[in-house]
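Here is the structure we will look at.
The values are calculated or read from the model by the stated rules, or taken from the named source; none is laboratory data. It should be emphasised that the depicted structure is a prediction, and the values quoted were computed from it without experimental measurement. Cβ atoms come from the backbone with ideal geometry, glycine included; neighbour counts cover every protein chain shown.
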Amino acid sequence: MKSKLLPGVIAALFAASPVLAFEPFVVKDIRVEGIQRTEAGTVFSYLPVKVGERFSEDKASQAIKSLFATGFFKDVRIEVESDVIIVLVDERPAISQVDFVGIKEFDKEALKKGLKEVGLAESRIFDRAVLERAEQELKRQYLSKGLYGVQITTTVTPLERNRVGVNFNVVEGDAAKIRQISILGNKVFKEKELVELFSLTTPGLMTWYSKSDQYSKQKLSADIEALRSFYLNRGYLDFSIDSTQVSITPDKKDIYITLSITEGEKYTVSDVKLAGNMVLPEADLQKLVKLKAGETFVRDDVTATTKAISDRLGNEGYAFANVNAAPEVDKVKREVAFTFFVDPGRRVYVRKISFAGNARTRDEVLRREIRQMEGAWYDGAAINRSKVRLDRLGYFEDVTIETPAVAGVTDQVDANFTVKERATGNLMLGAGFSSAEKVILSASIAQQNLFGTGNAMTLQMNTGRINRTIALSFTNPYWSIDGVSMGWDIYQRNVDPTSLSVATYKSSSIGGGVRFGYPIAEDDRINFGLSVDQTTIKVYDTSPAPYISFVNTFGDTARSLVATAGWGRDRRDSFLYPTSGVYQRASVEVATPVLDMRYVRASYQHQRWFPFGGGHALMLNGDLGYAHGYDGKELPFYKNFYAGGIGSVRGYQQSTLGPHYTDSSGYVRSLGGNRRAIANAEYYFPMPGGGKDKSMRLSVFADTGYVWAADDKVRASDLRYSTGLAFSWSSPVGPLKFSLGHALKKEEGDRTQKFQFQLGTVF
């Protein structure tokens, strides 16, 4: 018979009626009853007493509190029988399933993952407090989407074996729309001009996609800051926002935003001074000051000056320089004077440079791109330059830098580079569609970071009906320690363009060569190469007369010893996703008089990027080419330039622009030419809804270009024009490029092609 009973619920511990008293005793045994899922060892671990120890009322209360605190049980009792402790528990039910009804705005699996983080998930212990928190979080998510009329009903259904099912019934309702944005108190600027600064808008043509007509507290805060910056950058130093009101109609469908502002007066800059320990000559720092006396106050100039001085000091080793701008306001004269106080701090040295994230790429490949030296002064420009060089390698999706201070010292930091590697092996496919050629395919296998060494190797194998190629190329970018690169190429190439819209002929080439590159500056390289080529040509009765004449004059086999020279400059901010900088490339190819052919072939490309912030950028590109024979020899027709298609003038079929002829079957074919001019203007912007993902970009483009034969006069009226929309994506399976182009100028013999694409598969 059980002699004593200790009420076990928490309420009993604090009730007015006292707990039944018992004499302390030595525990002979401990039993646990009522558990189904919980292990007995779990219960024992929370008991403050073990067999052989003395048990008292205090320990009983402590044990009950500890077991309740686990959240596993809804009732706990302790009974004592003949010096034996009996722990009786009533377990909380387990969650068998979580389901949603009426969810359209969110993905159900994503919601389940989010609820799991707050403790509500299948197989977890059911806790009503957690359920209430989950319900509030779900409602908050809907409110952030502008669905203020959402109704959430939670149903808990008991199931067998002490389990429950949790069901969220959601009536989402319609999203509340911003019907009006009002600004009160403006006198200098029109309300319409100010409202256009906001990312939040009233319903319009594209708001169904952009969702900009749905209220967001974060977006409103950003818009208020944009409004503040607008006034402060125009001299209104006293500008203030007096109140912000956001109201919603009783039906929770319409939102009205009202801002009350005080513009104040416009201020001019009366004086600008530097003070403090400037370290560098004051004249050098004065050049960095954007504010000028007598000009209208511009807040962005203050920010830019502060940053420029800090960066300049950072280049001299003062990594923790502090620059503060102190204004002196004269409200009577409406003038403001600024004093920039410079505190350089201690000169800092870089103790150690380390790398993380490069699972495949060797440390030495990264270290040779670093321009900051260990043990040298901290140089902000050199560190940033190192980041750019790592990014340009093309081996990494992202490169980040941290410069934490070394513990225990005040003048040392570490430079930690973290990279996120991307697949550098590439199986590239190129394709285009037309009514004549149907599908045109090409392929190559390349590895830009062979075995993590930074060496590049490309094996091109093409078995298409146009090109049949086997080519192997290798490049060591650091053949010597001072950055001299070395590479070699061997190839066997058969060309049969009969199915294309170019002149009919066949050629078979075999050759090989070696090339070297030498860095002449941080961003500049010169290249030299020497190669041997033997090309056998076959012409047909349908071939154009110049091709037949060339074979009759010089024979069907042409051997060349070709010397090449080139110069390149790359100052783009990224290899994969450039938004700013300049890229230039010039090259010349000369067939020396040693063997059969004698010709000169030169080209020049200039590309410039203009950033507009937020991933927006304008790219301008120009490409010129010129070639001719010398010493009584003609330019081989297979060295002609071509234009049209992706990479030149989109909207026209590949390699179809320029001189052409009509064969015996009435088919128009391109001849190519010895002069080429191409120009492209392309505006890139992020994919809507893509967030910070830089791998997907849309663009609108305008292309122009043409090819002229040796006897043709170069005229601007010959140029062809196109415009369109393009999409590029560095996808997990490789680079993808799609182009939808429209030819704006179509002359007789031109062949257009609206849709073109390139795709690749990464391995």
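For segment 387-408, the set of residues classified as of a type outside the set (D, E, K, R) and farther than 14 Å from LYS352 by Cα consists of VAL388, LEU390, LEU393, GLY394, TYR395, PHE396, VAL399, THR400, GLY408, listed by residue number. Among residues of segment 398-414 being in contact (Cβ under 8 Å) with a residue 60 or more places away in the chain and in a loop (DSSP other than H, G, I, E, B), the one that is surrounded by the fewest Cβ atoms within 10 Å (Cβ to Cβ) is THR410.
Step by step: first the residues of segment 313-337, then only those that are crowded, with 18+ Cβ neighbours inside 10 Å and either in contact with a Leu (Cβ under 6 Å, 6 or more places away or on another chain) or of a type in the set (Val, Ile, Thr) (or both), then the one that is nearest to ASP414 (Cα to Cα). Which residue is that? Checked segment 313-337; the qualifying residue nearest to ASP414 (Cα to Cα) is ALA321. Just one of the listed residues (GLY114, GLY119, GLY146) is at pLDDT below 80 and assigned to a helix (DSSP H, G or I), namely GLY114.
A residue that is part of a strand (DSSP E or B), in contact with a helix residue (DSSP H, G or I) (Cβ under 9 Å, 6 or more places away or on another chain), among the aromatic types (Phe, Trp, Tyr) and under 30 Å from GLU421 (Cα atoms) cannot be found anywhere in segment 334-345.
Residues in segment 536-548 that are out of contact with any strand residue (DSSP E or B) (no Cβ under 7 Å at 6 or more places or on another chain) and surrounded by 14 or more Cβ atoms within 10 Å (Cβ to Cβ): VAL539, TYR540, THR542, SER543, PRO546, TYR547, ILE548. Regarding segment 738-761, can at least one residue be identified that is farther than 18 Å from TYR652 by Cα, at pLDDT 85 or above and crowded, with 16+ Cβ neighbours inside 10 Å? Looking through segment 738-761, none of the residues is farther than 18 Å from TYR652 by Cα, at pLDDT 85 or above and crowded, with 16+ Cβ neighbours inside 10 Å.
Being touching a His at 6+ places or on another chain (Cβ under 7 Å) and buried (at least 16 other Cβ atoms within 10 Å of the Cβ) is a property that holds for LEU635.
Only residues that are without any contact (Cβ under 8 Å) to a residue 40 or more places away in the chain and of a type outside the set (A, V, I, L, M, F, W, C) were counted across segment 377-394, and they come to 4. Residues in segment 286-317 that are of a type in the set (A, V, I, L, M, F, W, C) and touching a residue at least 40 places away in the same chain (Cβ under 8 Å): VAL289, LEU291, PHE297, VAL298.
Selection within segment 79-102: residues that are of a type outside the set (Gly, Ala, Ser) and not in a strand (DSSP E or B). The member of this set that is surrounded by the fewest Cβ atoms within 10 Å (Cβ to Cβ) is ASP83. Among the residues making up segment 625-643, those that are without any contact (Cβ under 8 Å) to a residue 60 or more places away in the chain and either of a type in the set (D, E, K, R) or within 25 Å of PHE755 (Cα to Cα) (or both) are ASP631, LYS639.
Scanning segment 137-194 for residues that are free of Cβ contacts under 8 Å to residues at least 40 places away in the same chain, exposed (fewer than 14 other Cβ atoms within 10 Å of the Cβ) and polar (S, T, N, Q) gives GLN151, THR153, THR155, THR157. Checking ARG385, ARG392, ARG371 one by one, the residue that is within 19 Å of ASP523 (Cβ to Cβ), modelled with pLDDT of 85 or more, under 23 Å from the mean Cα position of the chain (by Cα) and not assigned by TED's automatic domain parsing to the domain that holds GLY483 is ARG385 and no other. On the basis of being farther than 30 Å from LYS177 by Cβ, acidic (Asp, Glu) and touching a strand residue (DSSP E or B) at 6+ places or on another chain (Cβ under 9 Å), does ASP127 make the cut? No.
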